[in-house]
Amino acid sequence: MGRVGQVRRDLVLKGYDSRICVIDSVMVTLEPITPATAATFRDVRLRALRDAPTAFVSTHAKEALLTDDEWRTRATQWNGERSVAYLAMDGPEACGLVGGYLDADDPTRATLVSMWVAPEYRAYGVGRQLVEAVVAWARSQGVRRLYLVVTSINDRAIAFYDRLGFVPTGHTEPYENDPEIDDIEMVQELAPEGAT
């Protein structure tokens, strides 16, 4: 059995803070997505698109065609002046990702995007760790409302975001890749950094 198989079999949450999640004897850390991690970013993003195709607007077929230079450019854009992106890492292996970006017109608004955790790491705090990192970044930027979009058929993700304090805004629209599915907008109101 490989390392991930062993982790999957023996996962027991021991505790975590906003940067580190200890699962059994495995420590999951968050690393910023940068040009230096572009290959890892590519691999985990393509895995996410294969695993949960209706969770994303883009497709595996489209993104698999991107060149290494295009992935490095994306890594720079995803972690720029108005954005942040993280990889969840179990040693050298990526097991999740998330991004966030500031609204171009409203500095009090940001959007959480591309949230994904590998199936064998779900329900052990890695997703919470990723979301909390974007929430912390958003607060540090003066954001008051953090939005996300989740598809209507993803009940598990809707319940997860609800547990983290996101609520539906009431705004829905057809999912771009399948008009039979709706995109549901959710929001979390953020207290200013340092407020209790």
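Within region 145-169, count every residue that is surrounded by 14 or more Cβ atoms within 10 Å (Cβ to Cβ), among the aliphatic types (A, V, I, L, M) and in a helix (DSSP H, G or I).
2
Which count do you get for residues in region 44-100 that are surrounded by fewer than 19 Cβ atoms within 10 Å (Cβ to Cβ), in a loop (DSSP other than H, G, I, E, B) and in contact with a helix residue (DSSP H, G or I) (Cβ under 7 Å, 6 or more places away or on another chain)?
Total meeting the criteria: 3.
Could you list, in sequence order, the residues of region 111-136 that are β-branched (Val, Ile, Thr) and outside any strand (DSSP E or B)?
Val126, Val131, Val134, Val135
Please go through region 170-184 and pick out each residue that is within 21 Å of Leu97 (Cα to Cα) and surrounded by 18 or more Cβ atoms within 10 Å (Cβ to Cβ).
Matches in region 170-184: Ile184 only.
Given (1) under 22 Å from Val84 (Cβ atoms); (2) free of Cβ contacts under 8 Å to residues at least 24 places away in the same chain, where does Glu173 come up short, assuming only one miss?
(1)
Return the pairs, sorted by first residue and then second, in which the second residue is assigned to a loop (DSSP other than H, G, I, E, B) and not acidic (Asp, Glu), the first residue lies in region 97-122 and is touching a residue at least 24 places away in the same chain (Cβ under 8 Å) and over 21 Å from Ile184 (Cα atoms), the beta carbons are less than 8 Å apart, and the residues are 6+ apart or on different chains.
As it stands, the answer is Pro107/Gln141; Pro107/Gly142; Pro107/Val143; Glu120/Leu11; Tyr121/Leu11, since those pairs meet every condition given.
Given (1) within 24 Å of Asp155 (Cα to Cα); (2) touching a Gly at 6+ places or on another chain (Cβ under 7 Å); (3) not hydrophobic (A, V, I, L, M, F, W, C), where does Pro107 come up short, assuming only one miss?
With (1) within 24 Å of Asp155 (Cα to Cα); (2) touching a Gly at 6+ places or on another chain (Cβ under 7 Å); (3) not hydrophobic (A, V, I, L, M, F, W, C) applied to Pro107, the lone miss is (1).
Can you say whether Val135 is crowded, with 18+ Cβ neighbours inside 10 Å and touching a Phe, Trp or Tyr at 6+ places or on another chain (Cβ under 9 Å), as far as the supplied structure shows?
Considered against the rule, which asks whether it is crowded, with 18+ Cβ neighbours inside 10 Å and touching a Phe, Trp or Tyr at 6+ places or on another chain (Cβ under 9 Å), Val135 comes out as no.
For region 21-37, how many residues meet the condition of being modelled with pLDDT under 55 and closer than 14 Å to Ala94 by Cα?
1
Whether any residue in region 60-71 is under 18 Å from the mean Cα position of the chain (by Cα), at pLDDT 95 or above and among the hydrophobic types (A, V, I, L, M, F, W, C) is what I want to check.
So far as region 60-71 goes, yes, one or more of its residues are under 18 Å from the mean Cα position of the chain (by Cα), at pLDDT 95 or above and among the hydrophobic types (A, V, I, L, M, F, W, C).
The values are calculated or read from the model by the stated rules, or taken from the named source; none is laboratory data. What you see is a predicted model; the values in this text were computed from it and never measured. FYI the Cβ positions are ideal-geometry reconstructions off the backbone, even for glycines, and counts take in every protein chain you see.
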